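Here's the structure we're looking at; comments come further down.
The values are calculated or read from the model by the stated rules, or taken from the named source; none is laboratory data. Keep in mind the model is a prediction, meaning the values are calculated, not measured. Positions of Cβ are backbone-derived with ideal geometry, glycine not excepted, and every protein chain shown enters the neighbour counts. For the accessible areas, the whole protein counts, side chains as well, though only heavy atoms, and no ligand, DNA or RNA atoms are used. Shrake-Rupley method; radii C 1.70, N 1.55, O 1.52, S 1.80 Å.
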Amino acid sequence: MSIGSLIAADLVIAVLAAAGWLGGGAAAAARRRLLALALAGFALLATVGRAVTVTALARAGWWFAAEKVLIAGPLTLAAVAVAVPRLLRAGDIRSVAVPLLFAGYAGSGALLVTVLHGYPASAGAGLLTVAGVLAATAVSWRVLGARPSGTVSRTAVAVAVGALVTGTGLAVAPAAAPAVTHDHRYEAAPEVGEPTRRFTLTAGTATVRVSGRDVEAWAFNGQVPGPELTATVGDVLEVTLRNRDIGRGVTLHWHGYDVPNSQDGVPDVTQDAVLPGQEFVYRFRADQVGTYWYHTHSVSDVGVRKGLYGVLVVRPAPATGVDVTVPVHTLAGLPLPAPRTEPVGAGTPVRLRLINTDSTTHRYALAGTPFRVAAIDGSDLRGPTPLADTAVLIPAGGRYDLVFTAPATPVALFVDGRAVYSTGPVSAETGAWPVLDPLTYGVAAPVPWSRFDKEFPLVLDRGLDLHGLLPRYAHTVNGAADPDIPTQVVRRGDVVRFTIVNRSLVVHPWHLHGHHVLVLSRNGKPATGSPLWLDSFDVRPGDVWEVAFRADNPGTWANHCHNLPHADAGMMLHLTYS
Ligand SMILES: [Cu+2]
C-alpha cells in the first residue's frame, strides 16, 4: 500500500470513528441502548484501526505520523477513557450520551485541524480545537440536562474562553516573515548577439475547430497549439509577442528553458504582462538541446487551458529520420492533438517528443515496437535500455523523448488509451502495462556534490488561508499561500537542496523556473538510474522527494505547482539571489 493510500485510508477511518462516536451519543440521548452500544463499539474499532494506519505510516517513514499521534492521539484517548467505562457500567444509557458526544467532538476537532489547518501544527490551532470541543460538550450538557457541578462547568467555560481567545490570535497571526515584494524595475535583457531565428506570436481570441466542433479559444497566431518554434543549438531566438485582445494580458514563459531571468516571462516578477495593443520582444541563445514548450504565465491557469501554448524544439543538427512532436492538451474538454497516421519505412529512426501541456498527469503507451526513453525534460538520459509493453507517466509540463527504429509492422502511440499517432492500424490493450520508474532507468553517475549550502523543506498541503480579504481553502507550501510564502534566498554558486513533501491528497507537479534539478531520492530511496535533471516532476500524495541544483542563473524565479489552478490557489513562491 502506498503512503498516499495509507493517508487516505487513515482519513476515512478517522471520519468513521468520529461519526460513530457522535451517532452513539445521539442514540444514547434518545435512549436507544442497542444502537448506542453498536455505534460506540464500531467507533472503538475504528479508533483501534487508526492505531494500525498511523503505525504503518510511521513505519513507511511518513513525516507527519507523529503529528497524528500528537494532535488526534490525546483527544481520542481522553474520549475513549471517558466514554467506555461509563458505557460498561451505565444503568441509564442516557448518562453516557455526553461522554460519547465528547468523543465525537474530539474526533471531529482533530479532523478539522488535519483538513483545514494542515502544516505546520500551531499552538493556536490546538487551543482553538480544545476550546471548540469543550464548548460543544458544555452545550450538550445543558441541552441534555445532565448538568455538571458549578465548579466543573465554570472551569470548563474559563478554559474554553481562554483557549478561544489565545487560539484565535495565534491562528490568524502571520506564521512567517512576509514574502519579498517585487518591484517593477526589471532586469535588462542581456546581450546575446544578432538573432538568427525570428518569430512573431500574436495572442488573441479565436474560434478553433477541435474534433469537428467549434471551440472559443485563446490562440497564438489563430491556432492551438501555437506555431512550433524550432531552432538549432547556438541559434539566437528573437520572439516578438503581441497581444491583440487578451484583456488579462499575456507573456511567454519558456518552460524548461533556463533563459536569463529577464526573458522568463513571469508577470510582475520579470516583466509586466503584455496588455492588448502592446508587445514584448524575447531574445535568448538556444544553448539547450531538446524538447520544450512555451506558454503564457499571465493568469496562466486560464490562459494555458484556453490554448496559449506551443512547442519549442532545439536540435543539435537538422533532423534526420522522422521527428514528431506530440503536445497533449485538453481544450474545452476535447483532447488534442487530433489522431494522425503516416506510414514510416522500415529501418527509419523515429523520435517522438511527448509533451504534457495539461495540468494533470497523462499516461503514454507506445505499442508495436521496443523503444528507449532518450531524454526527459530536454536532458538526455545516460544508457537508456530498450523497453517494451511499458507505459510512461508524464507530469504536467513534463516531456519524454521516445526513440525507436521503425519496424516493418505498424506502431501506435496511445495517450490515456486513445491512439494519437500511428504508422498504420494497431490494436493493442495497453491499460495493464507496467509504468516506467525513471528513477531506476538507465545508468547511474555519481552525484556531483557532497554537501549542500542551502536546504529548503517544501511541505505541500491544503489549509484555510485567512490572510486575504476573504478566507480561502488554499493550496499551501509550509502552511502559507501565495503571496505569504517566504521567498527562498540563495547566493550564486550555492548548491541547494529541496526536500518536497506532499501532505495533501492530490498530486503536485513541481516546477522551478530557471534551473533543472537533479533527483537525489524519493521516499528515502536514492535514485539509482541515469542522472535525472528535471524541471517538472509529480510529487504524489505521501511522497518525499529530495532534489538539488547549483544556483547558477541569477534572478528572481517562480517556484510553483504546475497544476496551474493549484498555483493560482496559493501554491507558488519565489527563489531569489542575494
Ligand atoms: Cu499542485
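Of all residues in region 540-557, those satisfying the criterion of being surrounded by fewer than 23 Cβ atoms within 10 Å (Cβ to Cβ) and within 14 Å of the ligand (Cβ to nearest atom) are R540, P541, D543. Selection over region 365-419 of residues that are of a type in the set (S, T, N, Q) and over 22 Å from A319 (Cα atoms) gives a count of 3. Within region 568-578, the set of residues being crowded, with 23+ Cβ neighbours inside 10 Å and either assigned to a loop (DSSP other than H, G, I, E, B) or near the ligand (Cβ under 8 Å from one of its atoms) (or both) comprises G570, M571. Taking the criterion of being β-branched (V, I, T), more than 25 Å from W557 (Cα to Cα) and not in a strand (DSSP E or B), the only residue of region 218-269 that qualifies is V224. Within region 464-486, residues that are of a type in the set (V, I, T) sit with their Cβ atoms under 7 Å from residues that are open to solvent by 50 Å² or more (accessible area, probe 1.4 Å) and at pLDDT 90 or above, at 6+ positions apart or across chains, in these pairs: T476/R462; I485/N478. Number of residues in region 496-532 that are away from the ligand (no atom under 16 Å from the Cβ), closer than 20 Å to V459 by Cα and open to solvent by 30 Å² or more (accessible area, probe 1.4 Å): the value is 6.
At least 2 residues being open to solvent by less than 20 Å² (accessible area, probe 1.4 Å) is the threshold, and among the strands (runs of 3 or more DSSP E) wholly inside region 270-370 those reaching it are 279-285, 290-295, 309-315, 322-331, 349-356, 362-367.
Close contacts from region 507-518, counting a first residue that is free of Cβ contacts under 8 Å to residues at least 60 places away in the same chain and a second that is within 14 Å of the ligand (Cβ to nearest atom) and among the β-branched types (V, I, T), with Cβ to Cβ under 6 Å and a gap of 6+ residues or different chains, come to W510/I500; W510/V539.
Checking G493, G468, G463 one by one, the residue that is away from the ligand (no atom under 15 Å from the Cβ) and under 15 Å from G570 (Cβ atoms) is G468 and no other.
Of the listed requirements (1) under 18 Å from D543 (Cα atoms); (2) charged (D, E, K, R); (3) open to solvent by 30 Å² or more (accessible area, probe 1.4 Å), D453 misses just one: (1).
None of E228, E191, E216 is without any contact (Cβ under 8 Å) to a residue 40 or more places away in the chain and open to solvent by 20 Å² or more (accessible area, probe 1.4 Å) except E191.
Does A27 meet the test of being touching a residue at least 12 places away in the same chain (Cβ under 8 Å), in contact with a helix residue (DSSP H, G or I) (Cβ under 7 Å, 6 or more places away or on another chain) and farther than 30 Å from W545 by Cβ? Yes.
Let me spell it out: the conditions are (1) buried (at least 23 other Cβ atoms within 10 Å of the Cβ); (2) away from the ligand (no atom under 16 Å from the Cβ), and D535 meets all of them except one. Which number is the exception? Against the list (1) buried (at least 23 other Cβ atoms within 10 Å of the Cβ); (2) away from the ligand (no atom under 16 Å from the Cβ), D535 comes up short only on (2).
Those strands (runs of 3 or more DSSP E) of region 443-525 in which at least 2 residues are at pLDDT 95 or above and touching a Ser or Thr at 6+ places or on another chain (Cβ under 8 Å), considering only elements entirely within it, cover 454-465, 488-490, 508-512. The single residue among L88, L70, L127 that is in a helix (DSSP H, G or I), open to solvent by 50 Å² or more (accessible area, probe 1.4 Å), over 25 Å from A26 (Cα atoms) and modelled with pLDDT under 80 turns out to be L70.
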